[in-house]
Amino acid sequence: MRKTAPIALPTRNGTFWPADDLRSWQEAPRESFLDWLSQQRIVHDRQFRRSSTKTYVAIFSWWLDALESEGVGLLEASPKDAAKIFAAHELEAISRRRYLQLLDRVYRYLSRIGWPGVHPLREELAKEKILDPDDPESLDETELAAVIERLEALPGWRGKRDRAAAGLLLGAGLRANELIGLRVGDVSPLYEIEVRPNSVHRAHRTLVLPEGPWRTWIDEWQIERKASSIPGNVFCPATRQGSAFSVSGLFRRVNLWLGPLTETHEQTGANLLRNTFARLALTCGRYSLEEVQEFLGHEEQRATLRHVAALGKKARLAGTPVPEVLFLAPLK
């Protein structure tokens, strides 16, 4: 039997474009977003690249899911909801900005078609004005040594688990959600990791750096995990029952390792450790810029160059030799 093509039906306001109808955004926000996004591409909006469609959809879906967890819909969101959601999800500065830019365009469009609500992201957008996206923070060698000392003093199975988690953040550059989603068997015998994030970020490959205690910590934890018969397949579970960390739970745990350093750095949590991995990988002399970009899972090289620029600036200010890879960064 021959299949018939689906027929487009008008929305309640008589238009064939659901994105033009506020009720469609209220009742079917995902479909309305897809329609709106297709319109942006039809008019060749340079800020919307076809290759990033999946990323845009993932960002919008993340926002809807976060709102749903707060018990509100797209058109009911308030600045208070946005503040709570963004505080609970640890996003890198460049990712946070990308999320806000897309969602800002959605809400400004909704206002243009008659939505009377208050822009829920106005306060979060205002915070962006004081961010310096070119200077990601990382631990220096003295600070890193202090964190390693604190981690090595942690007792019991939690201590071994925490050291392995730190080894994956500091030694392999995983994001918080990538560490949370890591499963038993994902770290190869050669310490390579195929990262398959359940987020807007792309799949990529990283490895555990050979310098430092990272590989030893990971090996010790795998032995401990097997000996303790922890159920499930979460690589670094929050409990002996095998349950995974929440994003906020991991953030608190990492800050426990950082101790007093949380008072001296504006950015803390897993992002600070991931930035430290970037510093180590870029300055160890083993890897090219393209390899470090792959380790970090950056879709565009300009994200990796932010780390290069920050390290080059710091080296020049300190009067220390600038590693060869850092000459790629513009002078500041």
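The values are calculated or read from the model by the stated rules, or taken from the named source; none is laboratory data. Quick caveat, the model's predicted, so the values are computed rather than measured. Using ideal geometry, Cβ is built from the backbone for each residue, glycine included, and neighbour counts are taken over all protein chains shown. Heavy atoms of the whole protein, side chains included, go into the accessibility calculation; ligands, DNA and RNA do not. Shrake-Rupley method; radii C 1.70, N 1.55, O 1.52, S 1.80 Å.
Return the residues of segment 154-190 that are under 19 Å from Ser228 (Cβ atoms) and of a type in the set (Val, Ile, Thr); say none if nothing qualifies.
Val184, Val187 - these are the residues of segment 154-190 that are under 19 Å from Ser228 (Cβ atoms) and of a type in the set (Val, Ile, Thr).
If we scan segment 121-128, do we find a residue that is out of contact with any Lys or Arg (no Cβ under 6 Å at 6 or more places or on another chain) and free of Cβ contacts under 8 Å to residues at least 12 places away in the same chain?
yes
Only residues that are open to solvent by less than 60 Å² (accessible area, probe 1.4 Å) and in a loop (DSSP other than H, G, I, E, B): list them for segment 85-97, please.
Of everything in segment 85-97, those that are open to solvent by less than 60 Å² (accessible area, probe 1.4 Å) and in a loop (DSSP other than H, G, I, E, B) turn out to be Glu90, Leu91, Glu92.
Given the structure, is Ala8 at pLDDT 90 or above and not aromatic (Phe, Trp, Tyr)? Explain how you work it out, then say what you get.
Numbers: at pLDDT 90 or above: no; not aromatic (Phe, Trp, Tyr): yes.
In short, no.
Provide a single number: the residues in segment 259-291 that are of a type in the set (A, V, I, L, M, F, W, C) and touching a His at 6+ places or on another chain (Cβ under 8 Å). I'd like the intermediate steps shown before the answer.
First, pick out the residues of segment 259-291 that are of a type in the set (A, V, I, L, M, F, W, C): 261, 270, 272-273, 277-278, 280-282, 284, 289.
From what's left, touching a His at 6+ places or on another chain (Cβ under 8 Å): 272, 278, 282.
Number of matching residues: 3.
Could you tell me which of the residues Glu178, Glu224, Glu194, Glu211 is farther than 23 Å from Ser246 by Cα and among the charged types (D, E, K, R)?
On the way: Glu178 fails: farther than 23 Å from Ser246 by Cα; Glu224 fails: farther than 23 Å from Ser246 by Cα; Glu194 fails: farther than 23 Å from Ser246 by Cα.
That would be Glu211, the only listed residue that is farther than 23 Å from Ser246 by Cα and among the charged types (D, E, K, R).
Condition first: crowded, with 21+ Cβ neighbours inside 10 Å, part of a loop (DSSP other than H, G, I, E, B) and touching a residue at least 12 places away in the same chain (Cβ under 8 Å). Can you find one or more residues in segment 246-259 that meet it?
Scanning segment 246-259, I find no residue that is crowded, with 21+ Cβ neighbours inside 10 Å, part of a loop (DSSP other than H, G, I, E, B) and touching a residue at least 12 places away in the same chain (Cβ under 8 Å), so the answer is no.
Restricted to segment 207-236, and to residues that are over 19 Å from Phe277 (Cβ atoms) and assigned to a loop (DSSP other than H, G, I, E, B), which residue is least open to solvent (accessible area, probe 1.4 Å)?
Initial filter on segment 207-236 (over 19 Å from Phe277 (Cβ atoms)): 220, 222-234.
From what is left, the residues that are assigned to a loop (DSSP other than H, G, I, E, B) are 228-233.
Working: Ser228: 31, Ser229: 93, Ile230: 14, Pro231: 64, Gly232: 62, Asn233: 80 Å².
The qualifying residue least open to solvent (accessible area, probe 1.4 Å) is Ile230.
Among the numbered criteria (1) modelled with pLDDT under 90; (2) closer than 20 Å to Gly117 by Cα; (3) surrounded by fewer than 15 Cβ atoms within 10 Å (Cβ to Cβ), which one does Pro18 miss?
The failed condition is (3).
Could you tell me whether segment 75-84 includes any residue that is buried (at least 19 other Cβ atoms within 10 Å of the Cβ), closer than 18 Å to Trp25 by Cβ and more than 21 Å from the chain's Cα centre (by Cα)? Before the answer, list the steps.
Taking segment 75-84 as the starting set, the residues that turn out to be buried (at least 19 other Cβ atoms within 10 Å of the Cβ) are 77, 82.
Going one step further and asking which of them are closer than 18 Å to Trp25 by Cβ, we end up with 77, 82.
Narrowing the set further to residues that are more than 21 Å from the chain's Cα centre (by Cα) leaves 77.
Within segment 75-84, one or more residues are buried (at least 19 other Cβ atoms within 10 Å of the Cβ), closer than 18 Å to Trp25 by Cβ and more than 21 Å from the chain's Cα centre (by Cα).
Among residues belonging to segment 281-292 that are part of a helix (DSSP H, G or I) and open to solvent by 30 Å² or more (accessible area, probe 1.4 Å), point out the one that is farthest from Asn255 (Cα to Cα). I'd like the intermediate steps shown before the answer.
Step one: filter segment 281-292 for residues part of a helix (DSSP H, G or I), giving 281-283, 289-292.
Now drop any that are not open to solvent by 30 Å² or more (accessible area, probe 1.4 Å), which leaves 283, 290-291.
On the way: Thr283: 25, Glu290: 30, Glu291: 29 Å.
Checking each candidate, the answer is Glu290.
When you check Phe48 against the structure, is it at pLDDT below 90 and either open to solvent by 90 Å² or more (accessible area, probe 1.4 Å) or among the aromatic types (Phe, Trp, Tyr) (or both), yes or no?
Numbers: at pLDDT below 90: yes; either open to solvent by 90 Å² or more (accessible area, probe 1.4 Å) or among the aromatic types (Phe, Trp, Tyr) (or both): yes.
Spelling it out, Phe48 is indeed at pLDDT below 90 and either open to solvent by 90 Å² or more (accessible area, probe 1.4 Å) or among the aromatic types (Phe, Trp, Tyr) (or both).
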